[in-house]
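Below is one structure, written out as structure tokens; the observations come after it.
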Amino acid sequence: MSADQTETPVISKSRERLYFILAAVILMLSWGGQALYTAAYRPMPPELDDAYAYICKSMALSEDPNLKSTAMTDLMSQLEDLPPQEREEYVLYKSMIVTNYHWGYSYLLIALRKCGMSWESGYQLLFIFDVFIDAATVIFVAFVFFGTRFGSAFLLLCSILTNQMGVTQGFHYGVCTHLAFALTMIACCLVGQRRSFTPLTSSAIIFLTLAAVSFHPIGRIGTAITLFFFFLRHGTVGIKHNKLLVAGLAFGTIVMFIAPKFIDSPHLKIITIQDGAGTPPSFSEKIKNSVISYGDALFFWTGANDQVLGILKRHRVPALMLFFLISTIGLLALQKSNDRIVLLIIAFIPPLLADSILYNPFSHGGIFVRVFQWFGIILAGCWLYGIFTSLKSARLIWNKRQAIANDLDHGIYAKVMVLCPIALSLFAAFISALLFIGFQVERNINERGTMLRRQRYELLPEYRERVINGLKEGESVILDQQIPLEYYISTPAALKTNIRFLEIIRRMTNPEKWLDPAKNRTRFILALAERPNLWMNGMRIEPGRTATIVSKDRDLRNYKIRLYGLSEGDTAIIGNDKQIIGKQATTFSLVEKADSPLTSLQISAPTTSGPVILAGIISNETDEGLHWAWNEGLIIRSHDREKREEVTYPLSTRQYEKQLNIQKVKILGDEGSMLLLEIPEEYRK
């Protein structure tokens, strides 16, 4: 019996199903529509560091399966040179860039590549596909565990949830962790829906759980949850009648947890902190750090923090307790007619906690928050049912107020006994709903905006090709950060070149081993431009914000700037002058902006207009085809949206010259979001 049968029907079954379908469509539009819009709006995939991590590892699986290429050998050698205190960075970069623990996902990407799609387009397609699979899985969960009546309200709640927590992306992001766990949730739905299993159904459940592991190691936890849920749901009788299913799930669970400890393949081994240098954290340290992370995740997810209207700002624990109190009320109410939801929650807990503590690579509690995204979906349903139950209880007491008053001989005491439970129920439901739903709506809006803006870079294939074609045998290229590195090695030709990963080399005790231009014959530097609020080919100035260009000893009247907006008719304020700008970049001379030497200039976007993009500043005298006046003593100050503070960015390449111990580098290009430099030949001899 499903949860929607707990009350006397007041609407027809056909109308229930119609409402459920409409709610399902709203969920699909909310999650899937955002994924489609993001893919259309952004020229490159969202979360570029993650996207190109999947792409470059998929390309390596196709072109360099043993990771013996020149580039991968160089990268591994540099990782091995990290000192013991940098073991977490070793694990981070090895798992992000080298080890392919999601080979099932990679083979899908490779298949799309062989069908003629680019790596980026294939990734975008899988991104969209994953979001729709996640939404379809939630709909299946609603149908099986909550029924069509309450399931409609549950799906409407899910349409505003992002479940973004800590290091994870929300459900509006299509990542392989979501896809892996979605498959195991479908398996759990099949286990919960049926009392007996045909060979086809048993095979489907086993296939889903094993396929989940191929998409991400988190599928191991899903397999364990599915097995545990089967035991709770069907008991020993179910085991006797479904030996094939139980044997397959048990075998898969055991193998998937034990096998990685004995696998040396770079495409299957799951990297842990023990693989890094130095002493791994003790078991007690893991438990302590994980418990702290569990608490932080729960506070964040339930809205028990200081981000929602300042309510309960200093009372995080009471807010969290209120959420779980109402969730418990909902769970108990559901349990009367539907024990499946209780058994599923119980099945989640042991594998979730155990693997979160035992497998603790570089972010404490990282596994917990990833699994809790799906556990939280179930918990949100219980919470919503608890809200309905609280409101129903208040209505029930109100309807029986006359009988209660008669029993208590009327008077003020009778009124208190009637009104207090009603007030407490309504107050608890209101505060909890305000915190949870208010926070989720706020988070949803923020995350969807971040999804469109974050890492919206313009990476130029011509720069990558110029480096690959320009490198002679034995010469190397320096890649300064993770995104340029992943982007560079995501093409087969780059695997044949020597690379130096500056982000890793900076952390070494002997960086000169890899940075000496003569020893390493280093010719190029391919870097990500470090402008504040980096946006495509410029820096984004939000409405109401200001960017300030400051010169130490040069007159800014001898410079010109390039600006554009995201819409036609946007307004930019240059100094005290308002200028109308459009989508095409417009060049403005600063010669008439002041009567005396100008050493500081503010550029702002009015609150009534859209964002302004500063796409360059160049001298009137020395325009060499570049977009920025490098090494002329100019700095830019602006509020950084991600860092939430004002930052200062010098237009300078001196940091690279200092690290390489040379006098000057040649700037070959600064288009888009990249910077291409060449080290003069005299330093490479």
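The values are calculated or read from the model by the stated rules, or taken from the named source; none is laboratory data. Source: prediction; values computed, not measured. Neighbour counts run over all protein chains shown; Cβ positions are idealised from the backbone, glycine included. The area values use the complete protein model at the heavy-atom level, side chains included, leaving out ligands, DNA and RNA. Shrake-Rupley method; radii C 1.70, N 1.55, O 1.52, S 1.80 Å.
Expressed as cubic angstrom per residue, what is the convex hull volume of the alpha carbon set of segment 489-593? Intermediate results must be reported in sequence, preceding the final value.
Details: hull volume 21.0 nm³, N = 105.
Hull volume normalised by residue count: 200 Å³.
Were the residues from R454 through R507 laid out at 0.36 nm apart, the gain over their Cα-Cα distance would be 16.5 nm.
Determine the alpha carbon to alpha carbon distance for each of K68/K519; K57/K496; K472/K685; K68/K94 and list only those over 19 Å. If you can, show how the numbers build up before the last one.
Details: K68/K519 22 Å; K57/K496 15 Å; K472/K685 13 Å; K68/K94 15 Å.
In this structure, K68/K519 lie more than 19 Å apart at Cα.
For segment 2-104, the share of alpha carbon pairs falling in successive 10 Å distance bins from zero is 12, 24, 20, 15, 14, 10, 5, 0 percent. Note down the accessible area of W103, probe 1.4 Å, to the nearest 10 Å². It works out to around 100 Å². The label-point distance for K472 and S589, in a model that sets each label 7 Å from Cα toward Cβ, rounds to 4.5 nm.
Tell me the Kirkwood hydrodynamic radius of segment 102-170 in angstroms, computed as one over the mean inverse distance between distinct C-alpha pairs. All intermediate terms of the calculation are to be shown ahead of the outcome.
Numbers: mean 1/r = 0.0708 Å⁻¹.
Result for segment 102-170, one decimal place: 14.1 Å.
Here K664 is the anchor, and the aspartates and glutamates within straight C-alpha reach of less than 16 Å, apart from those fewer than 8 places off in the same chain, are D516, E632, E678, E681, E682. For segment 579-685, GluC sites (Glu not before Pro) meeting the loop criterion (DSSP other than H, G, I, E, B) and having at most 14 other Cβ atoms within 10 Å: E592, E621, E624, E642. Close amide H partners of G616, meaning residues 5 or more places away or on another chain with modelled amide H under 5 Å apart, are R562.
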